[in-house]
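Participant: Pasting in a structure now, in C-alpha cells, and then I'll have a few things to ask.
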Amino acid sequence: VHDGSAFHRSSECGGTGLNSGTIQQVAEWNVCWGPVARDISAGRCLIYSFGIAGDDPFTNFMALAGCQVYAFDPAQQHPRNYKPNVTFYPYGLVSGIADEHMYNHSHWGETGSGQYKTLLEIQRELGHSEVPISALKIDCEGCEWNLFADMDDHTLSRIGQILTEFHFTTTLRFDGNLAERYAQSCVENLDRHFDLFHFTKNDGAWYDRHIDEHVASAGIPTISPQEHTTKDGRRIVTNIAGCCVEMSLVNRATVNVE
C-alpha cells in the first residue's frame, strides 16, 4: 500500500466515451471527472465526505459543482444544513470488525464527542442503502484499514470513486496489530472493484512520523531515528520520512459505462 503497488494501476481515469479522461484536482484530492460530470448532468451526484474539520475545500467545490454532499466529522458541531447542497452530521466512521479507539492527538485534538457508526448504518439512516455514491472521500486518521476490510462487494460496487488517505504512523491512530490482521482483506476488497489512478505520498508534520515495528517489518521505508522535544517537554522519536499516502481509486464498472 505504501507505494501503490498493491493495486491495479491506471495512468488515466480509464473508460471509454463520455466517461473517460480528465483527472480534476479538487483541493488536495484528485477526481476522475467524467463519471462525476455524468452524475451531475443526470441530477444524481451524491458525495460522502468524511473528515471535513472546520472547513473543507473539497466539500465546498463538489457542492458548488451541483452534487448533493453529505459531510461528516465527529469533532465538529456544524449546523445540519451546513451550506447550500451540504448536509452535516457529527459522525465518525468505524468498521464492524474491530474495536477502534477514538482519535486523541496532542496537536489536532480529539474526536470523542461525536457519534461513531459504520458506513452501512449511515446509509440506512439517510435512506441511501441502494443509492450509488458518486465519490466517497475518507480522511479518518487510521480507520481506513479496518473500514475497507469490512466492506462487502455490494457496498463497494455502488461507490463510483474512493478518495482516501492511508496512515502508517501511530500518532494518527494507526494500530499495527489491527493493520497486520486486516491489511490483506483491505487491499483485496478494493482491488476487486477499483483501479488506482492517482497516488501521492504525504510527509505530514514532523510529530506524525513514527511507525511501530509491525509497519517497519512490512517493508515501509524508515529513516534513522531522530529525537525531538515538543514545546510542552514531551519527547517524540521520528523514524519515517512521511506519515501517509493519498490515493484516488475509480470503480471499473462505473468508468466503463457508455
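The values are calculated or read from the model by the stated rules, or taken from the named source; none is laboratory data. Nothing here was measured: the structure is a model prediction, and the numbers come from that model. Heads up, the Cβs are rebuilt from the backbone with ideal geometry, glycines too, and the neighbour counts pull from every protein chain shown. Please note that ligands, DNA and RNA were not included when accessible areas were found on the heavy atoms of the full protein model with its side chains. Shrake-Rupley method; radii C 1.70, N 1.55, O 1.52, S 1.80 Å.
Participant: Go through the range 172-195 residue by residue and tally those that are among the polar types (S, T, N, Q) and at pLDDT 85 or above.
Facilitator: Final tally of qualifying residues: 2.
Participant: Could you tell me which of the residues GLY96, GLY92 is in contact with a Gly (Cβ under 7 Å, 6 or more places away or on another chain) and either modelled with pLDDT under 95 or buried (at least 22 other Cβ atoms within 10 Å of the Cβ) (or both)?
Facilitator: On inspection, the qualifying residue turns out to be GLY92.
Participant: Could you tell me which numbered condition GLY66 fails, if it satisfies all but one of (1) in contact with a strand residue (DSSP E or B) (Cβ under 9 Å, 6 or more places away or on another chain); (2) more than 19 Å from SER248 (Cβ to Cβ); (3) at pLDDT 95 or above?
Facilitator: (1)
Participant: Let me ask something additional. Just one of (1) at pLDDT 95 or above; (2) open to solvent by less than 40 Å² (accessible area, probe 1.4 Å) trips up PHE61, so point out which.
Facilitator: Just one mismatch for PHE61, condition (2).
Participant: Taking the range 107-140 on its own, how many of its residues are at pLDDT 95 or above, among the aliphatic types (A, V, I, L, M) and in a strand (DSSP E or B)?
Facilitator: 3
Participant: Taking the condition in contact with a strand residue (DSSP E or B) (Cβ under 7 Å, 6 or more places away or on another chain), modelled with pLDDT under 75 and either open to solvent by less than 40 Å² (accessible area, probe 1.4 Å) or closer than 16 Å to THR118 by Cα (or both), does THR169 pass?
Facilitator: Considered against the rule, which asks whether it is in contact with a strand residue (DSSP E or B) (Cβ under 7 Å, 6 or more places away or on another chain), modelled with pLDDT under 75 and either open to solvent by less than 40 Å² (accessible area, probe 1.4 Å) or closer than 16 Å to THR118 by Cα (or both), THR169 comes out as yes.
Participant: Within the range 28-45, count every residue that is in contact with a Phe, Trp or Tyr (Cβ under 9 Å, 6 or more places away or on another chain) and either of a type outside the set (Asp, Glu) or crowded, with 24+ Cβ neighbours inside 10 Å (or both).
Facilitator: Residues meeting the conditions: 4.
Participant: A follow-up question, please. Note down all Cβ pairs under 8 Å where the first residue falls in the range 182-194 and is under 11 Å from ASP153 (Cα atoms), the second is among the acidic types (Asp, Glu) and surrounded by fewer than 21 Cβ atoms within 10 Å (Cβ to Cβ), and they're at least six residues apart or on different chains.
Facilitator: Note: pairs meeting the criteria are ASN189/ASP153; ARG192/ASP153; HIS193/ASP153.
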